[in-house]
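**Student:** Have a look at this one before I ask anything.
Nothing in this text is a laboratory measurement; each read-out follows from the coordinates by a stated rule. None of the values given here were measured: they were computed from a predicted structure. Note: ideal-geometry Cβ built from the backbone for every residue, glycine included; neighbour counts use all protein chains shown.
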Amino acid sequence: MSDWKTLKQETVEVGGNNFLEINLKQPPEGDNYLIGLSKGWFTDDGKKRYKTNILFSRDKKDEIVKLLSEIDKELPKAKK
C-alpha cells in the first residue's frame, strides 16, 4: 500500500496558537491531485496538533476562492 504524497504545504498562523495548513496532495494511484485544508493548534512545545481537515479536487478551487472573496467583500472594512 502506497502513501499519499504531499507535493506542497504552507501553514498560516490565524491567531492565538491556531493555524490553517494548506497543501497539495497526490493519492497513491493516479493523477487526481487534491487540495487539503487542515485546522489545528500548536502545543506548548511548538508541535502541531490537528483538529480537522478536508480534501477537495482542484476543479473546485476557483469556486471556493470566489466564494471566499464574495464573503470578504460583504464584511466591514477592518480598522487599521
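**Student:** Just from the alpha-carbon atoms, what are the Rg and Dmax of region 1-59 in angstroms?
**Tutor:** My reading of the Cα-based Rg and Dmax gives 12.9, 39 Å.
**Student:** Something else now. Before anything else, pin down the relative contact order of the chain: Cα pairs under 8 Å, at least 6 apart, normalised by residue count, whole percent.
**Tutor:** With pairs under 8 Å counted, the relative contact order is 20 percent.
**Student:** Continuing with this model, one more query. Within region 1-62, how many Lys pairs sit with Cα atoms under 13 Å apart, leaving out pairs fewer than 8 places apart on the same chain? All intermediate terms of the calculation are to be shown ahead of the outcome.
**Tutor:** Details: Lys5/Lys25; Lys8/Lys25; Lys39/Lys48; Lys39/Lys51.
Qualifying lysine pairs in region 1-62: 4.
**Student:** Around Arg58, under 15 Å between beta carbons, what's the net of Lys plus Arg minus Asp minus Glu among the other residues?
**Tutor:** On the way: positive: Lys5, Lys8, Lys25, Lys60, Lys61, Lys66; negative: Asp31, Asp59, Asp62, Glu63.
Charge balance near Arg58 sits at +2.
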